[in-house]
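Any read-out appearing in this document is the output of simple, stated calculations on the displayed coordinates, not a laboratory observation. Quantities reported herein were computed from a predicted structural model and do not represent experimental measurements. Cβ placement follows ideal geometry from the backbone for every residue including glycine, while neighbour counts extend to all protein chains displayed.
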Amino acid sequence: MVSESMMVMAPPRCDVSGADALISERAVGATPIVQVYTGLGSSHSWIWSAECFDRLGLVRVNFVDSVSLLRSRPDVVLFSGGDGFRMAEELGEGGMRRVRDFVSSGGRYVGVCAGAYLALRSRSYPSKSIGMVRAPIANLAKEPPPNLALPGKFLFDCGGRWVFHPVRGDVVLDMDGGSVTAPLFGGPSWNGIEGGEVLARYQGWSEGSTLLTEEATARETLVGKGAILSARVGKGRIWLLGPHLEHPDYPEANCIFERMVLEGGASANIPPPPREGTEEIVAVRRRLSEARVAYRGLEGASWTIGRKVWEHEKIGYFINAMWERVQESECNRQRLMLPSAMESELSGIVRAMRGIRRDMALGQDTTGQAEAMFGALSSCASSFLDAYFDWRQRATLARGRNG
């Protein structure tokens, strides 16, 4: 049974169709400062949180790597999907200690998919996780069950034990008798949590979802198991999510995600310092247009990078997140201050994609090139969205001052 003290008592009904309408009703200072991790180990899914925050009008958002993480104090840190082991390696013990100290001193942590695995305490792999809470994983086995589909998405090698993913696609969550649908792309299911609460359990999956193993095994691993957990850690709180509640195509799930981020209040609103860069975005738009063409030339390609499979479609998430906002900026004559190096960074990404296409045609292994390209693309999108949310915050504050 789901805890009666859970934050969201039933599936919410809300309209997330217009960020401008929402943001005009919410003082910027009432929204928390959020740092979204976009460094090594993260996947394209952090883009979903950016889309979700933008739509909801949560504009005090920064996108950080392992170096900039927690160099200033936010209210919330968010780790989304990707490779939790690689995130841990990139953060190092010093970075993981910063996260633990941040939460124990009153900060909030939201971990989705790999970000949820990352937060767990592990006896077997203490150096591969932040280790804030113990929550036994139901989809972990010494001998994995048989795989029926999508072998590249089924198993994650934990060195002697295997995390397996029984279902991929939409899952249905039970929240105090109500149902909410959200996508599951490799996130955990839990047997419970020590010292915390199970806020939602897996109820099943949708008809269009893909079974990666036998149905009986999938039911045993998912149905009735924990899907969303929460726990106090020192003076702070963590939320751990198996499904991607932040995915922008799931507005009801977005409302639950929003309430998690908002719970606990916000720091005092301090106007952001002047931002350096350029308002000349014509060249950036031109490079993004070239990137969109180059990306289509890689259709059907995929690469195994570390423990994750990266399909060419994931390139599009980064490019389109920037492209759509550049188009919006030009259409509305917005003064978007972009990093001065962005045009050259995009030019390098376009060259990299063209080089990958050429070498693939020659039958060469392009995994190393793809890894570098995805890293550059994520870094570029992170810088762009940092500038974009900075502009949104300034525009909102100016609108408030002007009445």
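Points worth noting:
- Space enclosed by the convex hull of the alpha-carbon atoms of the range 282-401, per residue, Å³: 99 Å³
- Amide H contacts of LYS225: TYR202, each under 5 Å away and 5 or more positions distant or on a separate chain (H built 1.01 Å from N in the peptide plane; Pro and chain starts excluded).
- Each of the peptides 302-312, 45-55 was scored by the mean count of other Cβ atoms within 10 Å over its residues; in descending order, highest first, they stand as 45-55, 302-312.
- Annotation: extensible slack from THR210 through SER302 equals 31.2 nm (criterion: 0.36 nm per residue apart, minus Cα-Cα distance).
- Between CYS255, CYS331, CYS113, the GNM of the chain built on Cα springs shorter than 10 angstrom shows CYS331 fluctuating the most.
- Within the chain, percent of DSSP bridges classed antiparallel, to nearest 5: 70 percent
- Cα pair distances of the range 19-262 binned at 10 Å [whole percent]: 8, 34, 38, 18, 3, 0
- Largest-first principal axis extents of the Cα set of the range 226-352 (Å): 47, 42, 27
- Geometric extent, Cα atoms of the range 234-292 - Rg, Dmax (angstrom): 18.6, 49
- Global size of the range 81-196 as Cα Rg and Dmax, reported in angstrom: 15.0, 45
- Ordering of 178-191, 136-149, 235-248 by packing [mean C-beta count within 10 Å, highest first]: 235-248, 178-191, 136-149
- Our summary gives the chain a relative contact order of 18 percent, counting only alpha carbon pairs under 8 angstrom and 6 or more residues apart.
- Prolate/oblate/rounded label for the range 264-327 (Cα gyration tensor, a/c 1.5): oblate
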